[in-house]
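Novice: Mind looking over this structure? Questions follow.
The values are calculated or read from the model by the stated rules, or taken from the named source; none is laboratory data. Just so it is clear, the structure is predicted and the values come from calculations on it, not from any experiment. Quick reminder, even Gly has a Cβ in these numbers, built from the backbone with ideal geometry, and neighbours come from all protein chains shown. For accessibility, only protein heavy atoms count, side chains too; no ligands or nucleic acids. Shrake-Rupley method; radii C 1.70, N 1.55, O 1.52, S 1.80 Å.
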Amino acid sequence: MKVLVTDPIDDAGLARLRSAGLDVETDFDIDTAGVLEKIADVDAMLIRGTEITREVFENAPNLKIVSRAGIGVDNIDIPAATDHGVIVANAPRGNVYAAAEHTIGLAFNAAKQIPQAHMQVQAGGWDGASFDALELGDMTAGIVGLGRLGQEVAWRLDNLGMDLLAYDPYLGEARARQMGIELVELDELLERVDMLSVQARLTDETRGLIGPEEIDRFAGDLIVLTSRGGIVDEPALADAVESGEIAAAGVDVFSTEPPEDNPLLDVENVVVTPHLGAKTHNAQVNVAVTAADSIISALEGDLVQNALNLSSTDASSDPRTRGYVDVAETASKIALRLFEGRVESIEIEYAGDLADEDTNLVTAAVFNPFGWQDVVVDAPTRIAEQRGIQVVESKRRETEDYQSLVSITVSDGVRELTVSGTLFGDNEPRLVEIDGFRVDATPYGHMLISRNRDEPGVIGALGSVFGEYDVNIAGMANARESIDGEAMSVYNLDDPVTPELLEELESDTRVTGVTAIDLD
Ligand SMILES: NC(=O)C1=CN([C@@H]2O[C@H](COP(=O)(O)OP(=O)(O)OC[C@H]3O[C@@H](n4cnc5c(N)ncnc54)[C@H](O)[C@@H]3O)[C@@H](O)[C@H]2O)C=CC1
Ligand SMILES: O=C(O)C(=O)COP(=O)(O)O
């Protein structure tokens, strides 16, 4: 069977593949177009940064796995892989220490202006007074994204004597407390910390998370970026360091790599490195071997420990639960978007016929919308609990109205919110309860959920606002608590919801809340 390797990896990984009897082709100069030319007879791909688009999966009839020798998988279209039954796997642990050390290295280099001083001395200069170094030990650091890498960075900063805060919407408070870290909202973090360290993964949610407004709000001196470009606005950061509002920055990752015309490259107090975080010998061996092992497991039909998606071949292996994988993921995504607290626990209830089935894959799907890199096919509950989120799974045979029902309840210990879904007729997903409202909504595409006072004219008024913004309503489900009480409307829209449209809907005093959710 043929494995195509499109990025340089340590020889240990290549040797592993060859010793398993696989035919290994390496082509490190290849781009996505080149992949398309070669992919027809390829069974597995081992990659790092090569972009793997939907088109690749569409033209790869034999492909079973794309294995990433590294952590970030933002270069792979995972939903497309899942649609085509292709497993996506990464190497989640192999380079974390290397990347954490690099983060600390960058922090010191930027704070102490070491590269600038080095260049001065090499050029014959000797003017220590021209540098204005920062001291890390007295600082409070704020970590955005307290996952594996964020936690390794936190541990090292803690040992330098720094106080620590973090922003991470998918981590339980108790877990952070165990590490001596205070979890706060992003705005508070920006106002309270001296050093900002960004270790979140790049997702639709984190892209542009730290934009010009957030850079402006940041009251500290130092920013370090080592997870992915695109999370922090580069021109705004460059301006802030150039003008001295922020003393220094250390940047390993860029929105486009290699960076082209990137303003960060022109600012003296921004120390840059060429995505160097993982490039230690140990890390390179680790990730190459892990990625190769995943390929061998997949091609031998064994469980792939580091699989990140529920490939449709797995999900379809049991037609009784297949449809519920999507229902559960959607219900979980909607619950997370609507819930206003921090999720400390999650209850997954299976009722009706589904209670008799093996629901492991359905449970794993519940965690897909959480912003974690490791999506938990193997042991979803254990991984959630490692992140400080309690999981309660329950099953009951009886349901009032449905053959099967999956209900997801998220809670912060005080408030809770439930979303329930089922399959109708020909496996058609339906949402039947959202936060106490009984609805009959089809989850797909651009959705908007509004809560409003149950008064005449409100729905018409909202409809006119959609019209004004040229957004067509494809479907709508309405539910209410009681006459004159609160009502909920769930819209399917042909067009995406813009921030301006949201603002206008919210400006109607009869509307108590609107949430836009994109499902594909
Ligand atoms: N510079 C380099 O060479 C390296 C970079 N990386 C990057 O680091 C990233 C993180 O890796 P891990 O920590 O292993 O992944 P992880 O999945 O363990 O951690 C990511 C964390 O981000 C959090 N998160 C998700 N959405 C968020 C949001 N909206 N706001 C704040 N936090 C959010 C998650 O809850 C999670 O705790 C990888 O995705 C990869 O892109 C990893 C290794 C080397
Ligand atoms: O593992 C990751 O996500 C990294 O960013 C490091 O990987 P790379 O050096 O780009 O292969």
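Novice: Taking only the C-alpha atoms, wrap a convex hull around segment 72-114 and report its volume per residue in Å³ as a whole number.
Specialist: For segment 72-114, the hull spanned by Cα atoms encloses 71 Å³ per residue.
Novice: If you roll a 1.4 Å probe over the chain with all protein chains in place, what percent of the accessible area is carbon or sulfur?
Specialist: C and S atoms contribute 45 percent here.
Novice: Quick one: what are the phi-derived ³J(HN,Hα) couplings along segment 96-106, Karplus 6.51/-1.76/1.60 with θ = phi - 60°, whole Hz, x for glycine and proline?
Specialist: Once rounded to whole Hz, the list reads 5, 5, 4, 5, 5, 4, 5, 4, 5, x, 5.
Novice: If the cut-off is a Cα-Cα distance under 21 Å, which lysines reach residue 38, setting aside same-chain residues fewer than 8 apart in sequence?
Specialist: Within the straight-line limit of under 21 Å, residue 38 reaches these lysines: 2, 64.
Novice: Using Cα positions and a limit of under 26 Å, work out the lysines in reach of residue 112, with same-chain residues fewer than 8 apart set aside.
Specialist: Partners within reach: 279.
Novice: Sort the following peptides by mean Cβ neighbour count (other Cβ atoms within 10 Å, averaged over residues), highest first: 469-475, 121-127, 256-262.
Specialist: 469-475, 256-262, 121-127
Novice: Can you classify segment 318-431 as rounded, prolate or oblate using the Cα gyration tensor, where a ≥ b ≥ c are the square roots of its eigenvalues, rounded means a/c under 1.5, and otherwise it's prolate if a/b beats b/c and oblate if not? Intermediate results must be reported in sequence, preceding the final value.
Specialist: Numbers: a/c = 1.72, a/b = 1.41, b/c = 1.22.
Prolate is the answer for segment 318-431, as a/c is 1.5 or above and a/b outweighs b/c.
Novice: Note the angle between two axes, namely the Cα long axis of helix 148-159 and the longest principal axis of the Cα atoms of the chain, as a number of degrees from 0 to 90, rounded to the nearest 10.
Specialist: Roughly 50 degrees, rounded to the nearest 10.
Novice: Something else about it: Tell me what the chain gives for mean residue ellipticity at 222 nm when only DSSP H runs of n ≥ 4 count, each as -39,500 (n - 2.57), the sum divided by the residue total, rounded to 500 deg cm²/dmol.
Specialist: Numbers: 18 runs with 169 residues, N = 520.
About -9500 deg cm²/dmol.
Novice: Further question on the same structure: Please give the helix 281-299 orientation as an angle from the longest Cα principal axis of the chain, in degrees from 0 to 90, rounded to the nearest 10.
Specialist: The angle comes out near 30 degrees.
Novice: Still on this structure, I have one more. Please compute the length gained on full extension between residue 464 and residue 127, using 0.36 nm multiplied by the number of residues separating them and subtracting their Cα-Cα distance.
Specialist: 114.6 nm
Novice: Further, regarding this structure: Using amide H atoms built in the peptide plane, which far-off residues or other-chain residues are under 5 Å from residue 476 H to H?
Specialist: The answer is 492.
Novice: Another question, then. On the full set of protein chains, 1.4 Å probe, figure out the accessible area of residue 152 and give it in Å² to the nearest 10.
Specialist: Only protein atoms counted, so the area is about 50 Å².
Novice: Let me cross-check residue 446: its accessible surface, 1.4 Å probe, with only protein heavy atoms counted, in Å² to the nearest 10?
Specialist: Accessible surface of residue 446 is approximately 50 Å².
Novice: What order do you get for 142-151, 388-397 when each peptide is scored by the mean count of other beta carbon atoms within 10 Å, highest first?
Specialist: On the way: 142-151: 25.7, 388-397: 15.4.
Descending packing order for the listed peptides: 142-151, 388-397.
Novice: I need the peptides 290-297, 336-343, 101-108 ranked by packing, meaning the mean over residues of other C-beta atoms within 10 angstrom, with the highest value on top.
Specialist: For the peptides 290-297, 336-343, 101-108, the packing ranking is 290-297, 101-108, 336-343.
Novice: Can I ask one more? Scan around residue 42 for amide H atoms under 5 Å from its own, H built in the peptide plane at 1.01 Å from N, and keep only partners 5 or more places away or cross-chain.
Specialist: 62
Novice: With the other protein chains left in place, how much accessible area per residue, in square angstrom, belongs to the chain at a 1.4 angstrom probe?
Specialist: Value returned for the chain: 44 Å² of accessible area per residue.
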